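> Handing you a structure now.
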Amino acid sequence: MRPADLLEIARTAALAAAPLLLERFGTEKALATKSSLTDVVSQADLLAEEAIRAVLRSEVPDDTIVGEEGDDVVGTTGRRWLIDPIDGTVNYLYGNPQWCISVACAGLAGVVYDPVRDELFAASVDGEATLNGGELAAADPESLGQTLVGTGFGYEASVREQQVAITARLLPQVRDIRRGGSAALDLAWVAAGRIDAYFEYGIKEWDVAAGSLICERAGLKSATLQSNGALASGLLVAPARIFADLREIVA
């Protein structure tokens, strides 16, 4: 199966989940907490993931499926699908429109879909990064001081403590920092030039599988941030010109 075919499946799966999420947006309540009181799941998360899995079961029944909310399905093809039905669940529950659906066939194709704005960010391993079919253009700031950086924070207090220390070290050296609340959408926005760079520790594979591929195909550099103390490993994505300077501060 070609990457373009996998990309179309990812697109179909993401769009299948969107209507039910939009219908419940702004009225949904948390169903349960997970790792902490701030880490929540809703019925909408579960319904959206099932809608995505239904498409994958139909189109690629022998592939592995890994989702944030459901049990892993082990396949036989070597392909792995990574699903985040709502990346930015807290935003979703508050009626804040900064959330998205992320569906990726790891390393091969991925989409980040923002149902509120009807924006579909997409890329395959052998194609360009696109937004609603048009080619994306990442920003290229001349210096770190002109760089708008996106980041995020974890759910545990000890993790946030270290993340805040890094942010405090970085803030005086960049244009500003943004914390949107959705890693997948942050990455898509880097590829679109809406923010210049992004880093975060403690993210999960399903958070970034689609977004990091979109950034790669948009010409951005990326690197794994190694675990340190309470911080699990993370991801840094930035234009080549400021990549090394940014990495030196946040790594």
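> Can you give the log10 of the normalised intensity I(q)/I(0) at q = 0.12, 0.20, 0.28 Å⁻¹, computed with Debye over equal Cα scatterers of segment 108-169?
-0.55, -0.92, -1.05
> Segment 116-195 to segment 47-97: how many Å between their Cα centroids?
One Cα centre to the other: 23 Å.
> Quick check: convex hull over the Cα atoms of segment 205-251, volume per residue in Å³, rounded to an integer?
Here the figure is 60 Å³ per residue.
> Going by alpha carbons, how many degrees (0 to 90, nearest 10) lie between the helix axis of 157-170 and the longest principal axis of the chain?
So the helix axis and the longest Cα principal axis differ by about 50 degrees.
> Please get the size of the charge dipole for the chain, origin at its Cα centre, with Cβ charges of +1 on Lys and Arg and -1 on Asp and Glu, quoted in debye to the nearest 20.
In debye, rounded to 20, the chain gives about 460.
> Relative contact order (percent) for segment 90-215, with alpha-carbon contacts under 8 angstrom and 6 or more residues of separation?
Answer for segment 90-215 is 34 percent.
> For the chain, with all protein chains present and a 1.4 Å probe, just round the carbon and sulfur fraction of the accessible area to a whole percent.
About 49 percent, which is the carbon plus sulfur part of the accessible surface.
> How many Å² of accessible area per residue for the chain, probe 1.4 Å?
Per-residue value: 44 Å².
> Determine the equivalent ellipsoid of segment 87-141 by diagonalising the alpha-carbon gyration tensor, then write out the semi-axes as square roots of 5 times the eigenvalues, largest first, rounded to whole Å.
Each semi-axis is the square root of five times an eigenvalue, giving 23, 14, 10 Å.
> OK, next. Which peptide among 59-70, 127-138, 109-120, 190-201 comes first, and what is the full order, when sorted by highest mean count of other Cβ atoms within 10 Å?
190-201, 109-120, 59-70, 127-138
> Evaluate the Kirkwood expression for the hydrodynamic radius of segment 139-251, namely the inverse of the mean inverse distance over all pairs of different C-alpha atoms, and round to one decimal in Å.
After inverting the pairwise mean of 1/r, the radius is 13.6 Å.
> If you don't mind, another one. Find the Rg to Rh ratio for the chain, where Rh is the Kirkwood radius over alpha-carbon pairs and Rg uses the same atoms.
0.95
> Binning at 5 angstrom from zero up to the longest distance, how are the C-alpha pair distances of segment 36-178 distributed in percent?
2, 8, 13, 15, 17, 18, 15, 7, 4, 1, 0
> With a 10 Å radius around each residue's Cβ, average the other Cβ atoms per peptide and rank 222-231, 89-98, highest first.
Sorting 222-231, 89-98 by mean packing, highest first, produces 89-98, 222-231.
> Still on this model: Between helix 3-24 and the chain, what is the angle of the helix's C-alpha long axis to the longest principal axis, kept within 0 to 90° and rounded to the nearest 10?
Tilt of helix 3-24: around 90 degrees.
> Using helices alone, what [θ] at 222 nm do you get for the chain, with -39,500 (n - 2.57) per DSSP H run of 4 or more residues, divided over all residues and rounded to the nearest 500?
-11500 deg cm²/dmol
> Could you give the angle, 0 to 90 degrees to the nearest 10, between helix 43-59's Cα long axis and the longest principal axis of the Cα atoms of the chain?
Value to nearest ten degrees: 60.
The values are calculated or read from the model by the stated rules, or taken from the named source; none is laboratory data. This one's a predicted model, so the numbers in the text were calculated from it and none came from an experiment. Ideal geometry is used to build each Cβ from the backbone, glycine not excepted, and the neighbour counts take in all protein chains shown. Note: accessible area is taken over every heavy atom of the protein model, side chains too, but ligands, DNA and RNA are not part of it. Shrake-Rupley method; radii C 1.70, N 1.55, O 1.52, S 1.80 Å.
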